[in-house]
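Take a look at the structure below.
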Amino acid sequence: MSDLARRSPAPAALALGLALGLAPAPLAIGQAPPSPPRSPAPAAPPANDPVVATFEGGTITKSEVLDFLGQYAIQPDRQGEVYEQAVNALVNQELLASFLQQQNVAVTGPELDAEVAKLSEQLQQSGQGTLNSLLAEMGLTEMELKERMMTGLRWSKYLQSRADEATLRSYFEQNKDLFTGTAVKASHILARVEPDASEGQKEEARQKLAELKKKIDAGELDFAVAADQYSEDPSNQEAPDGGNIGYFGKRGQVIDAFADAAFALEVGEVSDPVETDYGYHLIKVTDRREGQEVTFEQIREAVLSTYGDEIQEQLLDQARASAKLDIKPMPEDFFPAVPTTTPGSTLAPAPAAAPAGPGR
């Protein structure tokens, strides 16, 4: 299932966990990255601080990435992966902050003070230290921390303006599988298409799978046999298993387009060709494990969180598409040499924003 793992750019939500020294995980309900908005016309970075990414209205520099990852010892074989995640997370922070500025979402001083007080209480209750120890660890003043938290508060306000009770209830009813823990088991046949393929190449791949589906539906060809013979998924080519990718939930494990198509199928049913960033897939659901029934009232905050993640993801997709984004390859000497690493100190893989399988 590795080739179907979700591969989206690091979500903006990843930023708060990293910036505050927490495990890299999605933010709590309604939260967003705590990065201050940039000036519309940022000053040019120093000559000795190379730019690693550019986008319309701003840049990301080497020092910003290293500061972002400063509390972590990065294993040499993970550096390229972590570099890409960190740069994408910083870009997403800036794009989201810019969007919220354009929406004129305001946060008052008392609101920001209350959020800092809440953070201080959470740190003490969780045994992670005090606000002062956190500031010392991060090398920040309280004012700088407040600046970083501003976007998160703006995002919360924006989300509340989009998430009235009727909207959340409707979202819950339409997406119950997201909240019940339901999982499906599926197999797939992949006709790989490169992202820059022509329309003709895409249509050729789609037609190839459409013809296979006709034979499978007619009983002339077994799905698993077809997967082992025709699928271009490297994982299945390396270890043929009938295209099996195991069980997965509706979000977070495989890319959204793939998951949505699979969850719409009955057990034993084969989909029409489904397009993802990998190409086209025939999907067959081989089992379904129903989750536990829940009511909206029981999980309202989780519904708000998931709805907010989806809205933020859509906004960032749109912003990135028009941002003229250019991320530079990681320079060979980007990370300082580290003599040793301490067990448990390395940066864990970030949850994907994205296709977290067939993905974006």
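The values are calculated or read from the model by the stated rules, or taken from the named source; none is laboratory data. Quick caveat: nothing in here was measured; it's all calculated off a predicted structure. Cβ placement follows ideal geometry from the backbone for every residue including glycine, while neighbour counts extend to all protein chains displayed.
Within region 194-242, the residues that satisfy the criterion of being over 17 Å from GLU275 (Cβ atoms) and part of a loop (DSSP other than H, G, I, E, B) are ALA218, GLY219, GLU220, LEU221, ASP222, ALA239, PRO240, ASP241, GLY242. Residues that are in contact with a Ser or Thr (Cβ under 8 Å, 6 or more places away or on another chain) and under 29 Å from VAL267 (Cα atoms) were ranked within region 287-331; the one that is surrounded by the most Cβ atoms within 10 Å (Cβ to Cβ) is TYR307. Taking each residue of region 49-68 that is under 24 Å from LEU145 (Cβ atoms) and in the same structural domain as ALA323 (by TED's automatic domain parsing) and looking for partners that are modelled with pLDDT of 90 or more and of a type in the set (Ser, Thr, Tyr) with beta-carbon atoms closer than 6 Å, six or more apart or interchain, yields ASP49/THR61; ASP49/SER63.
Going through SER133, SER170 one at a time, which residue ends up being over 30 Å from VAL267 (Cα atoms) and either modelled with pLDDT of 90 or more or among the small types (Gly, Ala, Ser) (or both)?
That would be SER133, the only listed residue that is over 30 Å from VAL267 (Cα atoms) and either modelled with pLDDT of 90 or more or among the small types (Gly, Ala, Ser) (or both).
Taking region 272-308 as the range and being among the polar types (S, T, N, Q) and either closer than 30 Å to LYS202 by Cβ or outside any helix (DSSP H, G or I) (or both) as the test, the residues that pass are THR276, THR286, GLN292, THR295. When region 243-271 is filtered for residues that are in a loop (DSSP other than H, G, I, E, B), crowded, with 18+ Cβ neighbours inside 10 Å and either of a type in the set (A, V, I, L, M) or touching a Gly at 6+ places or on another chain (Cβ under 9 Å) (or both), the ones remaining, listed by number, are GLY249, GLN253, ILE255. Evaluating ALA321 against the criteria (1) in the same structural domain as LEU159 (by TED's automatic domain parsing); (2) of a type in the set (A, V, I, L, M); (3) modelled with pLDDT of 95 or more leaves one unmet condition, (3).
For ASN175, the requirement of being closer than 30 Å to SER271 by Cα, out of contact with any strand residue (DSSP E or B) (no Cβ under 9 Å at 6 or more places or on another chain) and not assigned by TED's automatic domain parsing to the domain that holds ALA261 is met. Starting from residues that are surrounded by 14 or more Cβ atoms within 10 Å (Cβ to Cβ) and assigned to a loop (DSSP other than H, G, I, E, B), keep the ones in region 164-180 and report whichever is nearest to the chain's Cα centre (by Cα). Once the filter is applied, the top-ranked residue is ASN175. Would you be able to say whether some residue in region 332-354 is modelled with pLDDT under 95, of a type in the set (Asp, Glu) and surrounded by 16 or more Cβ atoms within 10 Å (Cβ to Cβ)? Looking for residues that are modelled with pLDDT under 95, of a type in the set (Asp, Glu) and surrounded by 16 or more Cβ atoms within 10 Å (Cβ to Cβ), one finds none in region 332-354, hence no. Can you find a residue that is within 28 Å of the chain's Cα centre (by Cα) and among the charged types (D, E, K, R) anywhere in region 202-212? Yes, because at least one residue in region 202-212 is within 28 Å of the chain's Cα centre (by Cα) and among the charged types (D, E, K, R).
The set of residues in region 234-283 that are farther than 23 Å from GLU199 by Cβ, charged (D, E, K, R) and more than 20 Å from the chain's Cα centre (by Cα) comprises GLU238, ASP241, GLU266, GLU269.
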